Amino acid sequence: MKKISTITIILLSIFCIGCKKIHCPAFPADLNYFPYSKGQELKFINSHNSVSNFVISNRENSKAYSLEWNCKCVCEASSGFNTNQTQDSLTLSCNLYFGGGRYDATTYSIFLTCNFQYSFHFSDELSKRVLLEQETPYNELSKHLSDTISIENEDNKIVNKVVIVKGKGLVSYTTADGEEWKLVK
């Protein structure tokens, strides 16, 4: 009888060790590519001194969370913003996303996307994906991203290029007609 209870205790211990929640971290604070707050105005000017204003309507970094132990899920974290429609009927949304590995909140890829939408009729997406060769903890992701990120797509109808700088956000975008719009400080 004593052998059965010892074996039972060992088996229950092994089972309980494997029965824990998966803890996923919040978006890393050191990766602040969108240093905006709700209501903030982003003002851009082109070479003809025309002005385009965007107002941040939503700004969010994902928070830490947990997944159930039997979930076949992966951890992910994101940071992003949306704007209200401009006087030119243009809206903007950008997101930085990390998709993770299971059980230990590590990541396999980094994905940055900016979407310009014109009057609900046309939408251009610019995106860049960094595939990581090995699992990388969230606190080491900054090693895989430069401070300045440029994304281009020549086939777009509205915006062909964006430049995003860590700690400053979107510093310029280039429209399909070749006009560059620079952030006014």
Next on the checklist: Less than 14 Å Cβ to Cβ from N84, Lys/Arg counted +1 and Asp/Glu -1: what total charge do the surrounding residues give?
Outcome noted: +1
Checklist entry - Is the stretch 24-76 best put as rounded, prolate or oblate by its Cα gyration tensor, with a ≥ b ≥ c the root eigenvalues, rounded for a/c under 1.5, and otherwise prolate when a/b is larger than b/c, oblate when not? => result prolate
Next on the checklist: Show me the ranking of peptides 127-134, 115-122 by mean Cβ neighbours inside 10 Å, starting with the highest.
Outcome noted: 115-122, 127-134
Checklist outcome for this item: Phi-derived 3J(HN,Hα) across the stretch 30-37 with the Karplus relation (6.51, -1.76, 1.60, θ = phi - 60°), rounded Hz, x for Gly and Pro, is 6, 9, 8, 8, 10, x, 10, 9
Checklist outcome for this item: Within the under-11-Å Cβ sphere about K43, not counting K43, Lys/Arg +1 and Asp/Glu -1 give a net charge of +1
Checklist entry - Among K38/K161; K63/K143; K43/K157; K143/K166; K63/K128; K63/K161, which pairs are too far apart, with a Cα-Cα distance over 18 Å? => result K38/K161; K63/K143; K43/K157; K63/K128; K63/K161
Checklist outcome for this item: Candidate cut points under GluC sites (Glu not before Pro) in the stretch 138-185, DSSP loop plus at most 15 other Cβ atoms within 10 Å of their own Cβ, are E154, E179
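Where a number appears in this text, it was derived from the coordinates with a stated rule and is not lab data. Only a predicted model underlies this, so the values are computations on that prediction, with no experimental measurement involved. Quick reminder, even Gly has a Cβ in these numbers, built from the backbone with ideal geometry, and neighbours come from all protein chains shown.
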